[in-house]
Every structure is written in structure tokens, then in C-alpha cells.
Amino acid sequence: MLSTLLPIAKQFATAVSEIIPLGNGLINDTYLVATPVSQFVLQRINHSVFSAPEQIMSNLTSLNQYMARLSSVSVKLQIPEILKTNANDSFYRDRNGDCWRALSFIANTESIESIRHIADAEQAGFALGHFHRLLSDLNPGLLHDTLPGFHIAPTYLNDYHQVLLRTAGGAIETDRQSRYCAEFIARFQIIADDLETAKKQGLLTLRVIHGDPKLNNFLFDKQSKKIVSIIDLDTVKPGLVHYDIGDCLRSCCHTVEPVAFDPDICTALLKSYLLEAGAFFSEHDYHYLYPAIRLIPFELGIRFYTDYLEGNRYFKVTEPEQNLHRAVNQFKLCASIIAQESAITSLISRLQSQLS
Ligand code: ADP
Ligand code: MG
């Protein structure tokens, strides 16, 4: 029992039997609380990432209410429900100013860090597509933008150029990996505008997105191995579904030795994604899938590399070059995607024609 957390857990329940750490999330602190009658998830919202927890909780409330109005036969995914405090608030602010919330616990599930079988990729594609399809009728204007600037690649590129000027690119000349990053960005920076330009031109429209659909934010039922829930909803906000699909493929298709983009996982994931999302996909949505798949690792590489040049202020590191290595990894993944451009675009055309 983590007794220091007891007064906090008791804001949400009268009696608490046990509190244990849950999962291995990197952003929030997450615990499983047992009461004599049930279990729930207790989370401290990371305030260095999210400055307005009330906006996160307001978005989650809107999402819960919207999902509750959908016909239960058509909904194949659960999302955690907000459990109110004893004072009927959606979160509790402790004496240090930290915000805590309680969510319903989705039992008998596990989150995984890498794809075990192709069936996992089919599940991930289905879950993200289903999530997007269910929310495609929710007006994104009703949600707060909890992370302004998130996935706006031209801004990340601009920040990089500013940092480069400030640091005079000192590290770049001397270090081979750093040179690789700088050269990769210089060579491909033209792609940074792809999605934002399409958004400005009205070719891609704002919808409700998850914002962080990494593999470990899907909960698989331990027995059936099917995804039954999508969690970590702090970044649910107005955005382009292309950010989500690019990020989901980035996280699921990334093989390590050697760093590459796995075409079989991509095929399985995109196919099951489009079986769901195809219901609202436009011609332009299909057209911008490949640019999105290519852009998201490029964007993340820029963010890691910029942070490395700035002295690792944003992404936590255990050694000083970790963000440099992370950047190299993302750029290699991006290079692998670019090398497979014709196969990926043919796959998208094939899937589109099968669905129309
Ligand atoms: P982070 O933002 O830190 O990644 P998450 O909301 O993803 O936080 O939670 C971290 C981990 O806790 C998840 O990967 C999952 O294993 C577990 N978890 C979180 N919420 C629930 C829930 N409602 N039911 C079951 N497990 C959960
Ligand atoms: Mg998570």
C-alpha cells in the first residue's frame, strides 16, 4: 500500500484497501486503487506537459457524454469513465497544486509495447479507425485544444532553425550522428508543410483526434487478444486524423535491428483502419495518407534533435546523447518509409479501390 497516496485516494472513495502502481506510462503517474467493493485508476496529471487540467477533464467529460449517447451495439470500444470526487468534482487538486483524477478500471486487459503478431496490427488499425469513425460526428469545436501547436510540423522546423542559430550549430560539425540529422532535415524539410498546407487549403478538415495513439495506449483483452479499450485521452482534441494514423503506424511499424518501417505491419494496420475510417474518408484524406506516414517520424526526429541541441529540456534522458540517438532512429525510420514510397502509395490506392 502506498500510504502517502491514501488521503488522495480517499477523495474518490470512502474506504481504500490497497494502492499499487499501474502500467508503465511515461507521462502521468498511474495507480490502481482497490476498495472493498471495486477497483479504480488514480492518476496524477502531469502538469509540466498539460498546463490546464480542467480543459483535459472537460474534454474527457464531453467524450464520455458523447459515447454514452451512441447506440451500444455500434460501439465496440470502451473508454474509461470519469469517477467524481466525494465533492462531485471531476478532479482533485492537492496541497502541492497537483491534479488527480479517478477513472474506471478496464479489467483483464494489458497494454503492449511492440506488435507480437500481425493480428495485433489488425487490432490496432481497427481500434483507431473505429475511434475516429465513432467520433466523426462529434463537433471538434466543442473540445479544447489541450496542447496548442502539437503536430504543427512547420513550427517545429522553425524552432529547430532558431535553436540552430542560437547554438551556432556547434555540435553539428564534429559529430557524425549530429551531421546526419542536420543533413536529413536540410534535405527533406520541404515535406514539413504537407499537412498544414492541405489544412489551410481546406483539403483536410479538423476532426476529433486521439493525439497519442501509440500501441501502448490500446488495451488488449488478456484472453481474446482483442483491443477493448483506448486510453490516455489527455490529447483528445481538434486535429487531423492524419496525425493519428501517422503516429500509430510510426509506433507499430518501427523495427529496431536494423531500424526500418515494416511493410507487413503497415499493410495489416492500414487495411483494418480503412475498413472503419473509410466510412468518412474523402479522396483528399486518402491522398494525404502517405505524406502523413512520412511526416510524423520526420517531425518527431526534428523535435528530438532540437531538444538535444538545446540541452535536453523537454524529453527526459538518462544520458546526454539519448535524444540524438532517438532523432537518428526517427530519421532512419523516415528514410525507410521514403524508400518504400511506391509500395505504400500502391497499397493505399489498392485499399481505396477495394472500399469504393
Ligand atoms: P501515460 O500518459 O503516462 O502513458 P496512461 O493513461 O497511458 O498514462 O496510463 C499508463 C498505463 O496504466 C497504461 O499503459 C495502462 O497499462 C494502465 N491504465 C491506465 N488507465 C487504465 C484503465 N482505465 N484501465 C486499465 N489500465 C489502465
Ligand atoms: Mg500512455
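Any read-out appearing in this document is the output of simple, stated calculations on the displayed coordinates, not a laboratory observation. Computed from a predicted structure; not experimentally measured. Don't worry about glycine lacking a Cβ; one is built from the backbone with ideal geometry, like all the others, and counts go over all protein chains shown.
If you take every residue apart from ARG303 with its C-beta less than 13 Å away from the C-beta of ARG303, what net charge results, scoring Lys and Arg +1 and Asp and Glu -1? If you can, show how the numbers build up before the last one.
Working: positive: ARG250, ARG313, ARG326; negative: ASP159, ASP247, GLU299, ASP307, GLU310.
Here the charged neighbours net out to -2.
With label points built 7 Å along Cα→Cβ from the Cα atoms of SER3 and HIS284, find their separation and express it in nm.
Simple spin-label model gives 6.1 nm for this pair.
May I ask you to derive the FRET efficiency for ARG95 and THR174 from their Cβ-Cβ distance with R0 = 51 Å, giving the value to the nearest 0.05?
Values: r = 48 Å, r/R0 = 0.94.
My answer for the efficiency is 0.60.
Taking a ≥ b ≥ c as the square roots of the Cα gyration tensor eigenvalues, with a/c under 1.5 meaning rounded and otherwise prolate when a/b beats b/c, else oblate, which class fits the range 111-228?
Working: a/c = 2.76, a/b = 1.51, b/c = 1.83.
Oblate.
Taking the highest mean first, how do the peptides 37-45, 105-113 order by number of other beta carbon atoms within 10 angstrom per residue? Each step should come with its number before you reach the end.
Numbers: 37-45: 18.0, 105-113: 14.3.
In descending order of packing, they fall as 37-45, 105-113.
Could you tell me which of the pairs LYS237/LYS332; LYS214/LYS237; LYS76/LYS200; LYS271/LYS316; LYS222/LYS316; LYS76/LYS316 are separated by over 26 angstrom between their Cα atoms in the structure shown?
Values: LYS237/LYS332 29 Å; LYS214/LYS237 16 Å; LYS76/LYS200 33 Å; LYS271/LYS316 35 Å; LYS222/LYS316 31 Å; LYS76/LYS316 35 Å.
In this structure, LYS237/LYS332; LYS76/LYS200; LYS271/LYS316; LYS222/LYS316; LYS76/LYS316 lie more than 26 Å apart at Cα.
Fewest to most neighbouring Cβ within 10 Å: what's the order for LEU134, LEU142? Numbers along the way, then the final one.
Working: LEU134 20, LEU142 13.
Going from sparsest to densest Cβ surroundings: LEU142, LEU134.
What 222 nm value per residue comes from the helices of the chain, counting each DSSP H run with n ≥ 4 as -39,500 (n - 2.57) and dividing by all residues, nearest 500 deg cm²/dmol? Each step should come with its number before you reach the end.
Numbers: 13 runs with 166 residues, N = 356.
Value at 222 nm, helices only, nearest 500: -14500 deg cm²/dmol.
Once each part is reduced to its C-alpha centroid, what is the distance from the range 9-57 to the range 297-326 in angstrom?
29 Å
For the residue pair ASP159 and LEU26, what label-to-label distance in nm results when each label sits 7 Å from Cα along the Cα-to-beta-carbon direction?
So the two model labels end up 1.5 nm from each other.
Give the calculated FRET efficiency between SER349 and THR14 to the nearest 0.05, with a Förster radius of 45 Å applied to their Cβ-Cβ distance.
Numbers: r = 59 Å, r/R0 = 1.30.
The calculated FRET efficiency here is 0.15.
Report the residues of the range 52-87 in range of a label on ASP137: point 7 Å along Cα→C-beta, backbone N strictly under 19 Å from it.
Backbone N within reach: 62-79.
Could you tally the net charge around LYS237, taking each other residue with its Cβ under 12 Å from the Cβ of LYS237, Lys/Arg +1 and Asp/Glu -1?
Working: positive: ARG207; negative: ASP145, ASP212, ASP234, ASP244.
Net of charged neighbours comes to -3.
What does the convex hull of the Cα atoms of the range 2-107 come to per residue, in Å³, rounded to a whole number?
Numbers: hull volume 12.7 nm³, N = 106.
Convex hull of Cα atoms, per residue: 120 Å³.
Starting with the highest mean, order 114-122, 309-317 by the number of other Cβ atoms within 10 Å, averaged over the residues of each peptide. Numbers along the way, then the final one.
Working: 114-122: 17.2, 309-317: 14.4.
Order by mean packing, descending: 114-122, 309-317.
Compute the normalised compactness of the chain: alpha-carbon radius of gyration over 2.2 N^0.38 Å, N being the residue count. Write out the running numbers ahead of the final one.
Working: Rg = 20.9 Å, N = 356, 2.2 N^0.38 = 20.5 Å.
With N residues counted in the chain, Rg over 2.2 N^0.38 Å equals 1.02.
If we sort 192-205, 322-335 on the protection proxy, mean other Cβ atoms within 10 Å, highest first, what's the order?
Numbers: 192-205: 16.3, 322-335: 21.6.
By packing density, highest mean first, the sequence is 322-335, 192-205.
Distance between Cα centroids, the range 108-151 to the range 194-220: provide it in whole Å.
Result: 9 Å between the Cα centres.
Relative contact order (percent) for the range 118-355, with alpha-carbon contacts under 8 angstrom and 6 or more residues of separation?
On the way: 333 pairs, mean separation 67.8, N = 238.
Once normalised by length, the contact order is 29 percent.
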